[in-house]
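Right, one structure below, let's go through it.
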Amino acid sequence: MHALVINSGSSSVKFQIVDPSADASQPPLVSGLVEQIGEPSGRITVNHPDGKEVSQLPIPTHTVGLREAFRVMDSRGVGPTQLDLAAVGHRVVHGGMVFSEPELIVDAVVDKIRELIPLAPLHNPANIDGIDVARALLPDVPHVAVFDTGFFRHLPPAAALYAINADVAGANNIRRYGFHGTSHEFVSSQVPGLIDRHPDHTRQIVLHLGNGASCSAVANGVPIDTSMGMTPLAGLVMGTRSGDIDPGIIFHLARHAGMSIDDIDNLLNRSSGVKGLAGVNDFRELRKMIDNEDPNAWLAYNVYINQLRRYIGSYMIALGRVDAITFTAGVGENDKFVRMDALDNLDMYGIEIDPQRNEQPNDGPHIISTDQSRVKVLVVPTNEELAIAQKAAQVAQKV
Ligand code: ADP
């Protein structure tokens, strides 16, 4: 049994065909990327069981891109129409207050996702494009929307509400929604088994450190706080996003630097974070710069770690007792220095990383704390596509 997973962005579509019952370490049957949609020349990459196929062609629309990708898969005998798919899972960024669970897609669901566009103007329209195209190409397969906000839909009000005028906030749906929920749920649900605790008695912090980064505090399977907010701009310092800043900075830039709202949006989302401070957003490049004693890279790294430690500290207090702290996503799974520095000097709180275990390659979930460490520290690879495939297959089963 296979499911197709689609993550549709404004100018790109990522897709995978995976077996929802597969082990998380198993590679997908097919993975691919349609890029530069709408530009003069686009590119389609398909990794299939026989190798990799890259085609360069104009891709004016999502429809053209996905149709061409399907053709490549068909020619290799792994096309979505050839595989008797159980479901198509769509990553949808914003489910607002409407969606917490994965939802079988019918027209009314698409309409509701459209109504949420003001909350995610960059993401939800692109997600809808992906849904429309895939439903047209695969009309007989159940399509399921899996929401990035879903896991955090029921955050306690004290964590979800911002202290701004309640009438204004209410009228404009302003609150903390949280993102990366599929990853936080996928990773946090594995932790109890890995540390031999009952899921109903496990209090944990999950640090999803990729290009986008977020953390969550999860008590007995239920998230009680998370760092991203109404939008994915809040919280930790990220590859290109600022994370938390004083909101007064926005007024200052508008009033005194002659910047428009769009300029500031771009600044904070695309040219801030580690990139804004050091000029690069990829941690492999940042590490090389640090090795070459680049002062800006060092400063950017310290700002990143400082902010991460602020959140870890506050979530330790929010949870009261912490059983596990888990690193995941590109940086969290691969950068041993980030892990070491994020939790350095916390032995008085029962947190102690074993330097040798921390050096282990990232080939599956593993514990990196010492045997004495009261709080277990782990690396658990995330796999959002597999999680979406699992959820989509579950919903489709009930159809
Ligand atoms: P996203 O899904 O947010 O694009 P990922 O979880 O794939 O991000 O993480 C991508 C980031 O992970 C890269 O930008 C890079 O900073 C970091 N990364 C990937 N591999 C390594 C590595 N071996 N060492 C350090 N950082 C890495």
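The values are calculated or read from the model by the stated rules, or taken from the named source; none is laboratory data. Values in this document were obtained by computation on a predicted structure and should not be read as measured data. Virtual Cβ from ideal backbone geometry, glycine too; neighbours counted across all protein chains shown. Protein only, heavy atoms only, side chains kept; ligands, DNA and RNA dropped before computing areas. Shrake-Rupley method; radii C 1.70, N 1.55, O 1.52, S 1.80 Å.
Criterion first (at pLDDT 95 or above, open to solvent by 70 Å² or more (accessible area, probe 1.4 Å) and either of a type in the set (S, T, N, Q) or more than 16 Å from the ligand (Cβ to nearest atom) (or both)) does Ser183 satisfy it? Considered against the rule, which asks whether it is at pLDDT 95 or above, open to solvent by 70 Å² or more (accessible area, probe 1.4 Å) and either of a type in the set (S, T, N, Q) or more than 16 Å from the ligand (Cβ to nearest atom) (or both), Ser183 comes out as no. Every condition in (1) at pLDDT below 95; (2) out of contact with any Lys or Arg (no Cβ under 9 Å at 6 or more places or on another chain) is met by Gln36 except one, and the failing one is (2).
Of the residues in region 166-179, at least one is among the aromatic types (Phe, Trp, Tyr) and open to solvent by less than 50 Å² (accessible area, probe 1.4 Å).
When you scan region 191-211, do you find a residue that is under 23 Å from the mean Cα position of the chain (by Cα), closer than 15 Å to Thr326 by Cα and among the basic types (Lys, Arg), even just one? Yes: one or more hits.
Going by the structure shown, is Ile195 open to solvent by 20 Å² or more (accessible area, probe 1.4 Å) and touching a Lys or Arg at 6+ places or on another chain (Cβ under 9 Å)? Spell out how you get there, then give the answer.
Numbers: open to solvent by 20 Å² or more (accessible area, probe 1.4 Å): yes; touching a Lys or Arg at 6+ places or on another chain (Cβ under 9 Å): yes.
So Ile195 passes the test.
Summed over region 367-393, the residues that are away from the ligand (no atom under 16 Å from the Cβ), in a strand (DSSP E or B) and either touching a residue at least 60 places away in the same chain (Cβ under 8 Å) or not small (Gly, Ala, Ser) (or both) give a count of 5. From the list Pro365, Pro295, Pro361, Pro355, the one residue that fits, being at pLDDT below 95 and open to solvent by 60 Å² or more (accessible area, probe 1.4 Å), is Pro361.
Put simply, of Arg321, Arg287, Arg339 the only residue that is charged (D, E, K, R), within 16 Å of the ligand (Cβ to nearest atom) and either crowded, with 19+ Cβ neighbours inside 10 Å or touching a residue at least 60 places away in the same chain (Cβ under 8 Å) (or both) is Arg339. Out of curiosity, is Arg270 open to solvent by 80 Å² or more (accessible area, probe 1.4 Å) and within 15 Å of the ligand (Cβ to nearest atom)? When the stated conditions are applied, Arg270 passes them. Of the residues making up region 313-338, those that are among the small types (Gly, Ala, Ser) and either assigned to a helix (DSSP H, G or I) or within 24 Å of Val274 (Cβ to Cβ) (or both) are Gly313, Ser314, Ala318, Ala329, Gly330, Gly332. Within region 299-312, one or more residues are within 16 Å of the ligand (Cβ to nearest atom), assigned to a helix (DSSP H, G or I) and open to solvent by 50 Å² or more (accessible area, probe 1.4 Å). Just give me the residues in region 324-336 being open to solvent by 10 Å² or more (accessible area, probe 1.4 Å) and more than 16 Å from the ligand (Cβ to nearest atom), in sequence order. Within region 324-336, none qualify.
When Lys391, Lys398, Lys376 are screened for being within 29 Å of Pro27 (Cα to Cα), of a type in the set (Lys, Arg), at pLDDT below 95 and open to solvent by 10 Å² or more (accessible area, probe 1.4 Å), only Lys398 passes.
Of all residues in region 190-212, those being within 16 Å of the ligand (Cβ to nearest atom) and in a loop (DSSP other than H, G, I, E, B) number 3.
If you check Gly42, Gly96, Gly65, Gly79, which single one turns out to be open to solvent by less than 20 Å² (accessible area, probe 1.4 Å), of a type outside the set (Asp, Glu) and under 20 Å from the mean Cα position of the chain (by Cα)? Let's see the steps before the verdict.
On the way: Gly42 fails: under 20 Å from the mean Cα position of the chain (by Cα); Gly65 fails: under 20 Å from the mean Cα position of the chain (by Cα); Gly79 fails: under 20 Å from the mean Cα position of the chain (by Cα).
Among Gly42, Gly96, Gly65, Gly79, only Gly96 is open to solvent by less than 20 Å² (accessible area, probe 1.4 Å), of a type outside the set (Asp, Glu) and under 20 Å from the mean Cα position of the chain (by Cα).
When the residues of region 17-36 are narrowed to those that are open to solvent by 20 Å² or more (accessible area, probe 1.4 Å) and touching a His at 6+ places or on another chain (Cβ under 8 Å), which ends up nearest to Gly89 (Cα to Cα)? Residue satisfying both the conditions and the ranking: Asp19.
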